[in-house]
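S.K.: Got a structure for you, written out below as structure tokens; questions coming shortly.
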Amino acid sequence: EYTKLNRRIIERRYELMPEIYTAFREAHETGLPIVRPLYINFPEDPEAYKIHNEFTFGSRLLVAPVLDSGVVKRDVYLPAGDWTDIDDRSELSGGWHEVDAPLGVTPVFVKDGTVLFTQSLVQSTAEQADTLYLRVYGKENGEGNAYFDDGETYAYKHGDYLAMKVTSKRSGQGTELEIASEGRFKPGYKQLAVRLKMSSAPQKAEAITRDGRKLTGTVKKLGQNIIQVSFPFDASVKTIRID
């Protein structure tokens, strides 16, 4: 039982590796800590200064660890806005909530308006994941960013890196993602997949590269109104339109 729980926790680390690596890059550039008290990301919220048992990881994940043995629930404070549980996609508004936290589960939340970068499961950092996921949270516009390099050398100092910034725009039932990229590094992903909430399957899913090529997406329904649209990975994609 405990082996399975520990395996799942380790697997989450590898799935979140794009966010983890990006958080380290941000710390390198800005000096901001990777693990932060809530008031760093939410300085306008007086309650955030009182919270000592939650933290944000980088700028996009709020983590509420269980710190006492035998506890299966805990109270969580979420700053103003709408939030989504990263595991079960349940949605909560800002304020105090009692949430389930059974053994092996750490409550983690993503604020609406976020595009989160994750990847398919690997067994070590030496292994290349097949798929890069862009997970779009919320009904309004959002954004996210990620940084990639070879993870081993100083080649990034000479332009061999890839910095991606994604802006999502919701319009009716449609979503458009604008991707701005910098650097010449090409990650070894085979697929780029967008996951977002839609009430019905899209009629059209298309990606356009910077040189004008069009890529047609493959649509898959994952349940709970979550749609996944997959494209062949291409670091030069500049626009993704899902209608």
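The values are calculated or read from the model by the stated rules, or taken from the named source; none is laboratory data. Bear in mind the structure is a predicted one, so any value in this text is a computation, not a measurement. With ideal geometry, Cβ positions are generated from the backbone for all residues, glycine too; neighbour counts draw on all protein chains shown. With ligands, DNA and RNA removed, areas are computed over all heavy atoms of the protein, side chains included. Shrake-Rupley method; radii C 1.70, N 1.55, O 1.52, S 1.80 Å.
S.K.: Which one, 151, 119, 207, is farthest towards the positive end of the dipole of the stretch 112-208 when Lys and Arg carry +1 and Asp and Glu -1 on their Cβ?
M.R.: The residue sitting farthest along the positive end of the dipole is 207.
S.K.: Between residue 7 and residue 209, what is the label-to-label distance in nm when each label sits 7 Å out along the Cα-to-Cβ direction?
M.R.: Going from the residue 7 label point to the residue 209 one covers 3.9 nm.
S.K.: Within the accessible area of the stretch 1-92, what % is carbon and sulfur when the probe is 1.4 Å and the other protein chains stay in place?
M.R.: On the way: 2990 of 5420 Å².
That fraction is 55 percent.
S.K.: May I pose another question? If R0 is 45 Å, what FRET efficiency do you get for residue 219 and residue 27 from their C-beta distance, rounded to 0.05?
M.R.: In this case the efficiency is close to 0.75.
S.K.: Sticking with this structure for a sec: Can you tell me the length gained on complete extension of the stretch residue 154 to residue 139, counting 0.36 nm per residue apart and subtracting the Cα distance?
M.R.: Result: 1.4 nm gained on full extension.
S.K.: May I pose another question? Give the distance, in whole Å, between the Cα centre of the stretch 158-172 and the Cα centre of the stretch 46-80.
M.R.: If we compute the Cα centre of each part, the gap is 29 Å.
S.K.: Return the tail of the calculated pair distribution for the stretch 1-129, meaning the percent of Cα-Cα pairs more than 22 Å apart. Can you show the working numbers first?
M.R.: Numbers: 3304 of 8256 pairs.
Taking all Cα-Cα pairs of the stretch 1-129, the fraction more than 22 Å apart is 40 percent.
S.K.: Between residue 201 and residue 125, what is the label-to-label distance in nm when each label sits 7 Å out along the Cα-to-Cβ direction?
M.R.: 4.0 nm
S.K.: Next up: Hey, what angle do you get for helix 2-15 against the long axis of the chain, alpha-carbon based, 0 to 90 degrees rounded to 10?
M.R.: Helix 2-15 sits at roughly 40 degrees to that axis.
S.K.: Using the alpha-carbon atoms, what tilt in degrees (0 to 90, nearest 10) does helix 17-30 show relative to the longest principal axis of the chain?
M.R.: That works out to roughly 80 degrees.
S.K.: Could you rank 114, 167 by how accessible they are, 1.4 Å probe, largest area first?
M.R.: In descending accessible area the options line up as 167, 114.
S.K.: Where both residues lie in the stretch 127-243, what percent of DSSP beta bridges are antiparallel, nearest 5?
M.R.: Numbers: 40 of 45 bridges.
Among the beta bridges of the stretch 127-243, antiparallel pairing accounts for roughly 90 percent.
S.K.: Return one whole number: the accessible area per residue of the stretch 1-86 in Å², for a 1.4 Å probe. Present the calculation step by step, with values, prior to reporting the outcome.
M.R.: Details: 5020 Å² over 86 residues.
Value for the stretch 1-86: 58 Å² per residue.
S.K.: Could you tell me which label, among (1) 22.6; (2) 18.0; (3) 19.1, carries the value of Kirkwood radius over Cα pairs in Å calculated for this structure?
M.R.: It is the one labelled (3).
S.K.: Return the distance in nm (one decimal) between the two label points of a simple spin-label model at residue 226 and residue 182, each offset 7 Å from Cα along Cα→Cβ.
M.R.: 3.2 nm
S.K.: While we're here: From the helices alone, meaning DSSP H stretches of at least four residues, give me the mean residue ellipticity at 222 nm for the chain, per-run term -39500 (n - 2.57), in deg cm²/dmol to the nearest 500. Please list the in-between numbers first.
M.R.: Values: 3 runs with 32 residues, N = 243.
Taken over the chain, the calculation gives -4000 deg cm²/dmol.
S.K.: Something else about it: Report the GluC sites (Glu not before Pro) located in the stretch 86-129 that are in a DSSP loop and have at most 15 other Cβ atoms inside 10 Å of their Cβ, or state none.
M.R.: Filter output for the stretch 86-129: 127.
S.K.: Show me the ranking of peptides 131-142, 181-192 by mean Cβ neighbours inside 10 Å, starting with the highest. If you can, show how the numbers build up before the last one.
M.R.: Working: 131-142: 19.7, 181-192: 15.7.
Highest to lowest by the protection proxy: 131-142, 181-192.
S.K.: Please identify which residues in the stretch 95-115 have an amide N closer than 14 Å to a label point set 7 Å out from the Cα of residue 52, following the Cα→Cβ vector.
M.R.: none
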